[in-house]
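Engineer: What follows is a structure written as C-alpha cells; I'll ask about it next.
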Amino acid sequence: MTATAIAFPRDAYDFEHYEQRISDTWLLEESVAVRTMRMPFLAVPVGGTRRGGDYPVSCLCSGLKVRDLLLGQPGFPDLGVRWSPCPETCFVVEWGERLPKLGSDRDATTLGRFYGYSEAAIAAFIRRQCHGTPSSAVPEPCCPTAP
C-alpha cells in the first residue's frame, strides 16, 4: 500500500468540487493531490476560514501512509488517523482544529463553515438535503460496519 502526491492539485478527481464550494480558493493551489489507489483526491490544508480538514481512507494502512505523506507539509497541523464517523468510510486522516461539538443533529452550517465552504455552497447543500436530492460525490461504503 502506498500513498503518493501528484504534481498538480488541479489533476485531482475532486478539484472542481472544492473549487465550486470552498471560500478561500487560494487554498486549492496549496493542496496536495493524494493517490492511494487509482484516482488522486485533494487534501486541502487549513488556512483562511478553513479550520480543519480530513481525507477518508478505506483502511488503517492507507491512513498511516496518507498521514506520513502530509507530515511536514504547510497547512496540515496535528495530523491523526481515527475511525470515521461516516458510514461511507472506515478511517479518516484529520488535521487542524477538532470538529466543534454538535448536538445529536449535525449542523450543516457549522460544519460547512468549519471546513471553509462559502455561504452559497452551504445554502445549496441545505436546499439539496431538504429536497432529498442524492449527491453524486458520495462514495460507496468501503466496509460493512464502521464504528
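Engineer: Once phi is turned into ³J(HN,Hα) by the Karplus curve 6.51 cos²θ - 1.76 cosθ + 1.60 with θ = phi - 60°, what whole-Hz value does each residue of the stretch 71-79 show in order, with x for glycine and proline?
Structural biologist: Each residue's phi maps through the Karplus curve to give 4, x, 6, x, x, 10, x, 6, 5 Hz.
Engineer: Related question: Across bins of 10 angstrom width beginning at 0, how are the C-alpha pair distances of the chain distributed, in whole percent?
Structural biologist: Going out from 0 Å in 10 Å bins, the chain shows 11, 40, 40, 9, 0 percent.
Engineer: Something else: Given the options Tyr115, Tyr18, Tyr55, state which has the largest fluctuation in a GNM of the chain using a 10 Å cut-off (strictly under) for Cα springs.
Structural biologist: Of Tyr115, Tyr18, Tyr55, the Gaussian network model singles out Tyr18 as fluctuating most.
Engineer: Still on this structure, please answer the following. What part of the accessible area of the stretch 1-103, given as a whole %, is carbon or sulfur when the probe is 1.4 angstrom? All intermediate terms of the calculation are to be shown ahead of the outcome.
Structural biologist: Values: 3050 of 5740 Å².
Of all accessible area on the stretch 1-103, carbon and sulfur atoms account for 53 percent.
Engineer: Enter the accessible area per residue of the chain (Å², integer; probe 1.4 Å; all protein chains in place). Please report the intermediate quantities before stating the final value.
Structural biologist: Numbers: 8940 Å² over 147 residues.
Result: 61 Å² per residue.
The values are calculated or read from the model by the stated rules, or taken from the named source; none is laboratory data. Computed from a prediction, not measured in an experiment: that's the story for all the values here. Heads up: the accessible areas ignore ligands, DNA and RNA and are worked out on the full protein's heavy atoms, side chains in. Shrake-Rupley method; radii C 1.70, N 1.55, O 1.52, S 1.80 Å.
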